[in-house]
Amino acid sequence: MMWESVRKASIKRLLVRGPNWIGDAVMSEPALAALQELFPSTEITLLVKPAIAELLRGHPALHQVLVYEDPGRHVGITGKWTLAGTLRRLRFDLAILFQNAFEAALLTFLAGIPRRYGYATDGRGFLLSDPITVPERTKIGHQVQYYLDLLRPLGFEGPPRSPRLFLSDEEERVMDRRLAETDIADPDLLLGLNPGSTYGGAKRWLPERFAETADRLIREQGSHSGRRVRVVIVGARGEETLGRAVADRMQIKPVQLSGYTTIRELMAVIKRCALFLTNDTGPMHMAAAFGVPVVALFGPTDSRTTSPFGNGHTIVRHPVECSPCLLRECPIDHRCMTRISVDEVYEAAVRQLRTRNDECGTRNAKSDSQHSSLSTHHLPLRGVTVFLDRDGTLNRDNGYVTAPDALELFPGVVEAVARLNRAGVRVVVITNQSGIARGLLDHSTLEQIHDRLRALLEAGGASLDAIYVCPHAPDEGCACRKPGTALAERAVADLGLDLSDAYMVGDQKRDMEMARAVGAKSLLVTTGPTSAQALADLQAEGRQPDYVASGLIEAVEWIIEDVKARQSVTVDRSQ
């Protein structure tokens, strides 16, 4: 049966079997987010090992996460049958397999899931109702693209965007307090070192070279920047000895957290870093997902497929005749890694820090340190304006917001706005508030609501340049109610904006129509209660938005990439 014969609306419950490795899971995240766009009314469940469950906890595309405990209660034939029974009771309509193993297909077959969709790898094609041909090996592409290509027969279109991860504000505050206890202060420039590799020793650069590079950066960049440079060593459980080996070789002692963090804590400390120096391993992809500039050392693995995704990262490697071999341990002299010198890595790190400092020079030291992890990939966006709708875009739209306590921001909104702020973007909210005309609230209450909005943003280092409100009812015929352009024109006059470089992000059709009227690019977020209908109406009229995003943080990613493309910033950092 062909996939096209099945209506997506009939898929009520969808199971995704995620990858087992941290790095692969991060690189599959754009495909996970794309499923939310392809199946907007479907409950999406993720089946993964415990570490990946922690990594992707709180992802907005997910209804629930099931933990696959092997080793544990799902080990062996009996355990697999138990897990299949659990899946059978949940009555999934479709399983999509990001994992390539035979076992993934077998489990979903035993669970009686009628549609089983995945790449025809590992001899499992006969277990899949929809086997997808694996891309040709001659067409080498990034692993992010590999996962997204799996979804193209389902209707996915468009270029890949960068992976992203999600942390709560409380998780970040807890890590800030933990680092403060080790004498890492807000103004300090924090450098992350990741000398390990769970996959095997072949991917590891020498511990003494990590130590020497870190010492040089502390001494020389500290004096150059006028700020104290601190180093934190991170790594997986079991890498405690390796972390200590690096720390013991350093003249200026770092904070040694390698092996002493949970997955969520590891994410939080990486996000705090201003620069991340690492081998090719899972934490490297975490850093890239948080926008932290990365210097990545590659040897036996292929940087074309597993490099940190996105711009603003540096790959250091020496091409040798036996690389990439993809071996866990080197059978000869480890030449691919030993030929990488301290000088090369130090200079790569200095270039990253210099670029960062040049573009962050107008920010005070405290703000710079607090939010350096939300890098804009070194692209100044000054002169760009982003108009934001409010209800359904910044906060949940459950009807009229008539009291300050009723305002609930979506996850990632504060982070997204802060990222625009640090890039120099003007951020302006334009919102229709007919509740005033209907007598549901007055201007004073609306101002209190907006005071709460500003306070929630400011608590995370974000701010708005202005908020413009239309208080009129839809039938009053005013020029300020979207899709009318009067409020955008007022913002231009008040703030001196240039609409030749503007974007509008909203969840309704009228937001997209206002964008078109003022010449801005339009981004529809699917977080509003009527977003799906708005998109359908626009498509029926042949007026597709410039981009459809699952939320504001994805919309901001797209805006940044779009500006970079138009400004033709093509810096090759792989040399």
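The values are calculated or read from the model by the stated rules, or taken from the named source; none is laboratory data. No experiment lies behind these values; they were computed from the predicted model shown. Because the Cβ atoms are built from the backbone with ideal geometry, glycine has one as well, and the counts that use them run over all protein chains shown.
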**Prompt:** So which residues in segment 188-213 are over 17 Å from residue 332 (Cβ atoms), part of a helix (DSSP H, G or I) and in contact with a strand residue (DSSP E or B) (Cβ under 6 Å, 6 or more places away or on another chain), if there are any at all?
**Reply:** 210
**Fill in**
If we ask which residues in segment 448-458 are more than 20 Å from residue 507 (Cβ to Cβ) and buried (at least 19 other Cβ atoms within 10 Å of the Cβ), their number turns out to be 0
**Item:** In segment 97-116, the residues that are farther than 15 Å from residue 68 by Cα, surrounded by 17 or more Cβ atoms within 10 Å (Cβ to Cβ) and of a type in the set (Phe, Trp, Tyr)
**Value:** 109
**Prompt:** Of these, 445, 526, which one is in the same structural domain as residue 561 (by TED's automatic domain parsing), crowded, with 16+ Cβ neighbours inside 10 Å and within 19 Å of residue 557 (Cα to Cα)?
**Reply:** 526
**Complete:** Across segment 198-244, the tally of residues that are aliphatic (A, V, I, L, M) and free of Cβ contacts under 8 Å to residues at least 40 places away in the same chain stands at 2
**Item:** Options 152, 178; residue that is farther than 30 Å from residue 30 by Cα and either in contact with a Pro (Cβ under 9 Å, 6 or more places away or on another chain) or not aliphatic (A, V, I, L, M) (or both)
**Value:** 178
**Fill in**
Selection from segment 441-466 of residues within 19 Å of residue 388 (Cα to Cα), more than 22 Å from the chain's Cα centre (by Cα) and free of Cβ contacts under 8 Å to residues at least 40 places away in the same chain yields 446, 447, 450, 454, 455, 465, 466
**Request:** Determine if segment 481-493 includes at least one residue that is surrounded by fewer than 22 Cβ atoms within 10 Å (Cβ to Cβ) and under 27 Å from the mean Cα position of the chain (by Cα).
**Result:** no
**Message:** Take residue 376 and tell me if it is in the same structural domain as residue 291 (by TED's automatic domain parsing) and either out of contact with any Ser or Thr (no Cβ under 9 Å at 6 or more places or on another chain) or modelled with pLDDT of 90 or more (or both).
**Reply:** no
**Item:** Complete set of residues in segment 329-348 that are surrounded by fewer than 13 Cβ atoms within 10 Å (Cβ to Cβ) and either charged (D, E, K, R) or at pLDDT below 90 (or both)
**Value:** 329, 333, 343
**Prompt:** Just a yes or no: is a residue in segment 250-259 under 17 Å from residue 213 (Cβ atoms), of a type in the set (Ser, Thr, Tyr), in contact (Cβ under 8 Å) with a residue 60 or more places away in the chain and assigned to a loop (DSSP other than H, G, I, E, B)?
**Reply:** yes
